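The values are calculated or read from the model by the stated rules, or taken from the named source; none is laboratory data. Everything numeric in this text was worked out from a predicted model, so none of it was measured. A quick note on method: Cβ atoms are made from the backbone with ideal geometry, for glycine too, and the neighbour counts reach across all protein chains shown.
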C-alpha cells in the first residue's frame, strides 16, 4: 500500500521528472538563425513569413480572430478573441522550434529554420 | 445511513462501491470547477497548466475502491468538465492527459509493494504523465511535434503541482481512513 509519509522513492520520482525536464530543455534551447514564422490554421492552411521582417498578420480560424505580430526577430499573438487567452499570455517567442498554440482556434504559430529544425519537425 | 455496510452482502457491497465511486466523481468535478476559477495561467501562461486537484479524487477512488473505479471517476470527470465548462479541444487534451496519468497510476498501483512510494511520489508521477499525455495529444491534434517545446516547463510545473496534490493526499488519507472505517470499508 502507498505510504502517507515521505519516502526516499518519492525523491527518486521527483528527481527523474526534473532530470527529464532539464534534458528536454537543454535540447530545445538552441538559438534560431534566419528562421521563418509558420502559421497553421485549423483547416490545415499554412502561411510562412520571414522572422527578420516586421509585419502584422490578421487571421481567422474557427470563428476566432487573431493578430500575430512579427517584430525585431520575435513573434507574439498581440490580440485574440479566444476565451482562455493562453496564446496571448504565452508572450513572445524567438527561437527555432518555439511555438504558440491557440487551442480554441486550432492555430499553431511556430518558428522554423535554424539549427533545431529537426526537433521542430 | 442506508448504505452502512455489514461487509457480508455482495449486493450491498456493490451498491456501496457504486455510491462511493459516484461521490469521488462528484468531488473530482467540483475540484475541476475550482481549478477553472484559480488564475494559475497568470503565473505560468501555458495551455494545460493546472494544479491537478481533481487527480486527488481519482487517487482516492483507486485506494478506497478499485483501479476500475478510478478509471470511471477520471472518465466521468473529463467528460462532464468538458460538457460544462470546456470545448471539444479541451476534452481531447484532458482525455489524453487523463489517459497518461491513469496508465502511470495503474503501473505504480500494480507495483506498489516493490516501488514503496508515498502518495506524494504517486501523485507527482501521475502529474508528469498527464503532461506527457496532453502534449502527445496536442501533437496529434495540431499535426506538429513542435508542441513538445512546452513539455520541459509543463514537466517542471507538474513536479510541483503533483507534489502539492500528494501532500494533500498524505494529509487527507488518514482522515479518510477514519471516515471509511465508520462505513465498513478501508484502503485496498
List pairs: first in the stretch A:88-102 and more than 8 Å from chain B (Cβ to nearest Cβ), second in a helix (DSSP H, G or I) and buried (at least 18 other Cβ atoms within 10 Å of the Cβ), Cβ under 7 Å, 6+ apart or cross-chain? A:96/A:120; A:100/A:87; A:102/A:87
Looking at the stretch B:87-97, which of the residues that are more than 8 Å from every other protein chain (Cβ to nearest Cβ) and surrounded by fewer than 24 Cβ atoms within 10 Å (Cβ to Cβ) is modelled with the lowest pLDDT? B:88
For the stretch B:127-153, enumerate the residues that are over 19 Å from residue A:24 (Cβ atoms) and assigned to a helix (DSSP H, G or I). B:141
Of all residues making up the stretch B:130-164, the number that are closer than 11 Å to residue A:20 by Cβ and free of Cβ contacts under 8 Å to residues at least 40 places away in the same chain: 6
Consider residue A:22 carefully, then state whether it is in contact with a helix residue (DSSP H, G or I) (Cβ under 8 Å, 6 or more places away or on another chain), at pLDDT 90 or above and part of a strand (DSSP E or B). no
Name every residue in the stretch B:104-116 that is more than 10 Å from every other protein chain (Cβ to nearest Cβ) and in a loop (DSSP other than H, G, I, E, B), in order of residue number. B:111
Exception for residue B:56 within (1) closer than 21 Å to residue B:158 by Cα; (2) surrounded by fewer than 18 Cβ atoms within 10 Å (Cβ to Cβ) falls at (2)
In the stretch B:1-18, which residue that is part of a helix (DSSP H, G or I) and surrounded by 15 or more Cβ atoms within 10 Å (Cβ to Cβ) is modelled with the lowest pLDDT? B:12
Would you check which residues across the stretch A:8-22 are more than 7 Å from chain B (Cβ to nearest Cβ) and under 16 Å from residue B:166 (Cα atoms) and list them? A:8, A:11, A:12, A:15
Extreme residue, modelled with the highest pLDDT, among residues of the stretch B:170-188 that are outside any helix (DSSP H, G or I) and facing another protein chain (nearest Cβ under 9 Å): B:187
When residues of the stretch B:117-169 are limited to those that are within 15 Å of the chain's Cα centre (by Cα) and surrounded by fewer than 21 Cβ atoms within 10 Å (Cβ to Cβ), the one nearest to the other protein chains (Cβ to nearest Cβ): B:163
